[in-house]
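Peer 1: This is the structure I have questions about; it appears just below.
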Amino acid sequence: MFVKYRHLLFNLIGRDLKVKYRRSVLGILWSVLNPLLMMLVITAVFSNIFKFNIEHFPVYYLTGYTLFNFFSEATNMCNSSILEASALIKKVYIPKYIFPLEKVTFALVNMLFSLIAMALIYAVTQTPIHWTALLFPIPIIYTFCFALGMGLLLSALTVYFRDILHLYGVVLTAWMYLTPIFYPVDPQAIPAFMLTVFKFNPLYHFVTYNRNIMMNGVVPGLTDNLICMLFAGGALIVGVLVFRKLQRNFILHI
């Protein structure tokens, strides 16, 4: 089924790229500049004002920000993906999962451009690069599967409960602060109960995995991989099951 509609998927991704950067002078370069500018602001605030003593802070921040921003952008767009495609859904038969899948894939393409920013920061800050950096696709795959599962779930539920469109932004803000993107995982810097909260935060595990291979030269063990697989696979299974069950009546609510 997916192979049959792959051309539609690619066309939708191309359309979103054109729409996002329409009438923009720099165009797709903003996918590189945005994380760089955010890194400069966050570095100025948290390195100089809050005095977080994190070695190679710009890289530390970007290794967390790129994954979280990918998840945030993907699920945010998935939230309204079915509603936005309502006119097309009413006219022709298209597998409805194509729309949240396209949003997550589009966010992935954007994130891959942001990796250029990370490479530039590595060069400018002269941060050591370990061979384990070659494993960078693994945490991206985990995050992709988790984002797709959440995206399918959100896109289906939003058809029935429009309030999710407004509430999810608040959830994402809280989720960002509960993920160590710009602060250290240090018992002296954060409350003890937060360390327990982190264990139940899938993005904490994905970000930690990413930092281990990108900064520390550490190959995550079997336990780390199993935890990431559990979160990513569990979210994907739940998302698919809920989406399949609810999609039957989408036409009555869009």
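Values quoted throughout were computed directly from the atomic coordinates according to the rules given, and no laboratory measurement underlies them. Keep in mind that what you see is a predicted model, and the values were worked out from it rather than measured. Here Cβ is always computed from backbone atoms with ideal geometry, including for glycine, and neighbour counts include all displayed protein chains.
Peer 1: Give me the net charge of Leu148's neighbourhood, meaning all other residues with Cβ under 12 Å from the Cβ of Leu148; Lys, Arg count +1, Asp, Glu -1.
Peer 2: It works out to a net charge of 0.
Peer 1: Just list whichever of Lys90/Lys245; Lys18/Lys245; Lys199/Lys245; Lys96/Lys199 have alpha carbons separated by over 23 Å in the model shown.
Peer 2: Flagged as over cut-off: Lys18/Lys245; Lys199/Lys245; Lys96/Lys199.
Peer 1: OK, next. In nm, to one decimal, how far is the modelled label at Asp186 from the one at Met229, with both set 7 Å along Cα→Cβ?
Peer 2: Label at Asp186, label at Met229, 3.5 nm between them.
Peer 1: Also, I was wondering about something else. ³J(HN,Hα) across segment 83-94 via Karplus (A = 6.51, B = -1.76, C = 1.60, θ = phi - 60°), whole Hz, x for Gly/Pro?
Peer 2: Calculated HN-Hα couplings, in order: 4, 5, 9, 4, 4, 6, 4, 6, 8, 9, 7, 9 Hz.
Peer 1: With unit charges on the beta carbons (Lys and Arg positive, Asp and Glu negative) and the dipole taken about the Cα centre of segment 3-252, which residue among Gly221, His166, Ala117 sits farthest to the positive side?
Peer 2: Going by the Cα projections, it comes out as His166.
Peer 1: Same structure, new question: Would you list the P(r) distribution for segment 124-199, with all Cα-Cα distances sorted into 5 Å bins from 0 and each bin expressed as a whole %?
Peer 2: Answer for segment 124-199: a P(r) of 3, 11, 12, 16, 18, 17, 13, 6, 3, 1, 0 percent.
Peer 1: Under 16 Å from the Cα of Lys103, which aspartates and glutamates turn up, not counting those fewer than eight places away in the same chain?
Peer 2: Asp16, Glu73, Glu84
Peer 1: With +1 on each Lys and Arg Cβ and -1 on each Asp and Glu Cβ, how big is the dipole of segment 3-252 about its Cα centre, in debye rounded to the nearest 20?
Peer 2: Using only the charged Cβ atoms, the result is roughly 1080 debye.
Peer 1: Then there's this: Please compute the modelled spin-label separation between Tyr177 and Lys91, points set 7 Å along Cα→Cβ, answer in nm with one decimal.
Peer 2: Result for the modelled spin labels: 4.4 nm.
Peer 1: From the backbone phi of segment 119-129, what are the Karplus-calculated ³J(HN,Hα) couplings (6.51 cos²θ - 1.76 cosθ + 1.60, θ = phi - 60°) in whole Hz, Gly and Pro given as x?
Peer 2: 4, 5, 5, 4, 5, 5, 8, 6, 6, x, 10
Peer 1: Based only on other Cβ atoms within 10 Å, what is the fewest-to-most ordering of Ser155, Ser114, Ser86?
Peer 2: Fewest-to-most Cβ neighbours within 10 Å comes out as Ser86, Ser114, Ser155.
Peer 1: For every other residue with a beta carbon closer than 13 angstrom to the beta carbon of Ile251, add +1 if it is Lys or Arg and -1 if Asp or Glu, then tell me the sum.
Peer 2: Here the count lands on +4.
Peer 1: For segment 135-148, what does the Karplus curve 6.51 cos²θ - 1.76 cosθ + 1.60, with θ = phi - 60°, yield as ³J(HN,Hα) per residue in whole Hz, taken in order and with x for Gly and Pro?
Peer 2: So the J values, rounded to whole Hz, are 8, 4, x, 5, x, 5, 5, 4, 5, 4, 5, 5, 5, 5.
Peer 1: Could you rank the peptides 74-83, 118-127 by their average count of other C-beta atoms within 10 Å per residue, with the highest value first?
Peer 2: 74-83, 118-127
Peer 1: Can you tell me, using C-alpha contacts under 8 Å and at least 6 residues apart, the relative contact order of segment 3-252 as a whole percent? The partial results should precede the final answer.
Peer 2: Values: 271 pairs, mean separation 68.1, N = 250.
Relative contact order comes out at 27 percent.
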